[in-house]
Amino acid sequence: MAQSGSNGRRPLLAGNWKMFGRGADLAEIQALAKAIGDVGERVEALVCPTAPYIEAAVRAAKGTPIAIGAQDCSAVGPDSARTGEVSAAMLADVGARYVILGHSERRSQHGESDGLVSKKADAALAAGLIPIVCVGETRADRDSGKELEVVATQVRQSIPSAAGEYVIAYEPVWCIGADRIPTVAEITEMHAKIRQVLGTAREAARILYGGSVNPKNAHEVFSSPGVDGALVGRASLKAADFAAIILAHPMAG
Ligand code: PGA
């Protein structure tokens, strides 16, 4: 049975493969399972490949504690005429357990609004998936001292309106694909703000940090008391790097 962190929440270490990886790279999933061993029982490890590889990734993860998730889903629940869209129900059908929603790349490159992200989160919950709702301020927001307000608004407007388990990933846009992370104090301040916005009724929601997490800075990120895990991009593509991040979590020890 899965254990929980000292705050009662089970750490989640999620890999976002973005538009990288081919069938051959799914071997990283078995390599990851081997590298983390029984730590996979204490923390939750998740790999999110692109949609065409989800079913094969689920097969690759069979017999391991690694969960597989998606990177987006349609906001429309029922099967319908939506060329190019993939429904949450289809993702669940092929074995996905989580879906990343409202990543800053989708917000900036596909014009996704908070309202749309919330609808997608509702569709995910209805299909039995756990949505990972991404939020985060730009550098300009932070430079003008608006970061807490901007992220609080994103959280309020992007979370599902329906009841159900979800995860928040705080990913400052200026740290994604960069080689920097905020200070531990900045991460702690933002996570406390998000926790305050969610309120005590939402106490169970896990809040991840994302943006340039790597094996070198993972200890620092996890030293922030409000951090329930990480959403990892580049460093999740290679099992050795992702395993080093997972093993840096205090619950791994
Ligand atoms: P990164 O990406 O770890 O490569 O910065 C994180 C993310 O975009 O989720």
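Coordinate-derived values only; no laboratory data. Owing to the predicted nature of the structure, the values given are computational and were not obtained by experimental measurement. All Cβ positions, glycine included, derive from the backbone under ideal geometry; neighbour counts span all protein chains shown.
General remarks:
- Taking the number of Cβ atoms within 10 Å of each Cβ as an exposure proxy, the fewest-first ranking of Met90, Met19 is Met19, Met90.
- Per-residue 3J(HN,Hα) values for segment 170-177, derived from phi via the Karplus relation 6.51 cos²θ - 1.76 cosθ + 1.60 with θ = phi - 60°, read 8, 10, x, 4, 6, 10, 6, x Hz in sequence order (x marks Gly and Pro).
- A dipole drawn for the chain from +1 and -1 charges on Cβ atoms has a positive end, and of Gly77, Ala235, Leu125 the residue lying farthest that way is Ala235.
- Pairs of Lys residues in the chain, spaced 8 or more positions apart or belonging to different chains, with C-alpha separations under 27 angstrom: 17 in total.
- Point-to-point label distance, Glu186-Ala162, nm (Cα→Cβ direction, 7 Å offset): 3.7 nm
- Placing unit charges on each Cβ (+1 for Lys and Arg, -1 for Asp and Glu) gives the chain a dipole about its Cα centre, and among Ala162, Asn16, His103 the Cα reaching farthest toward its positive end belongs to Asn16.
- Where a label projected 7 Å from the Cα of Gln30 along Cα→Cβ would reach, residues of segment 60-86 with amide N under 15 Å: 60-66
- Rounded Å value of the spacing that divides the Cα centres of segment 55-121 and segment 126-179: 17 Å
- Estimated [θ] at 222 nm from DSSP helical runs (n ≥ 4, -39500 (n - 2.57)) normalised by residues in the chain, nearest 500: -10000 deg cm²/dmol
- Ordered by the count of other Cβ atoms within 10 Å of each Cβ, fewest first, Asp228, Asp179, Asp141 give Asp179, Asp141, Asp228.
- Cut-off under 5 Å, modelled amide H: who pairs with Ile130 long-range: Tyr98, Val99
- Residue-span extension gain [Val94 to Ser108] - 0.36 nm each, minus C-alpha spacing: 2.2 nm
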